[in-house]
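The values are calculated or read from the model by the stated rules, or taken from the named source; none is laboratory data. These numbers come from a predicted model, not from an experiment. Virtual Cβ from ideal backbone geometry, glycine too; neighbours counted across all protein chains shown.
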Amino acid sequence: MTVRPRQTRQRVEILDLLAGLEEFRSAQQLHDLLRSQGSTVGLATVYRAMQALSDAGEVDMLLAADGEALYRLCERKAHHHHLVCRSCGLAVEIDGPSVERWADAVAVEHGFADISHTLELFGTCRACRAAG
């Protein structure tokens, strides 16, 4: 069971900001956006909030190619994957039934149970291809 993080003023500011974004952003980028809007939320608070919201399943987190954690507000709570544009960061939530079947089969084959996984697909979206 996941515990929902306490809704502080800072978390509400962060969630409001995330609600207006379609792309994944780093904690630093979120902090910069908050500061540009006049917020006094500190960078350490943004990092802690993003970790807590990610742990609670309220935001999606993925690792960029350089290993930096990127966050986005979840559109749906059910397990899903992402298709992410390398250029603009646009993210689309996708289902992957064949991935789910494969993961389950590999787990059974090797005697594992209670598995979890993430899958992120990276490419270039239609708008970025047209602009490039």
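Looking at this structure, is Ala91 farther than 23 Å from Cys125 by Cβ, in contact with a strand residue (DSSP E or B) (Cβ under 9 Å, 6 or more places away or on another chain) and surrounded by 12 or more Cβ atoms within 10 Å (Cβ to Cβ)? No, not satisfied. Considering each residue of the stretch 5-23 in turn, at least one proves to be touching a Gly at 6+ places or on another chain (Cβ under 8 Å), assigned to a strand (DSSP E or B) and surrounded by fewer than 19 Cβ atoms within 10 Å (Cβ to Cβ). The single residue among Ala127, Ala78 that is exposed (fewer than 13 other Cβ atoms within 10 Å of the Cβ), at pLDDT 90 or above and of a type in the set (Gly, Ala, Ser) turns out to be Ala127. Among all positions in the stretch 8-22, there is at least one residue which is of a type in the set (A, V, I, L, M, F, W, C), closer than 21 Å to Ala65 by Cβ and not assigned by TED's automatic domain parsing to the domain that holds Cys85. Among the conditions (1) in contact with a Leu (Cβ under 8 Å, 6 or more places away or on another chain); (2) within 21 Å of Ser116 (Cα to Cα), His79 misses just one, which is (1).
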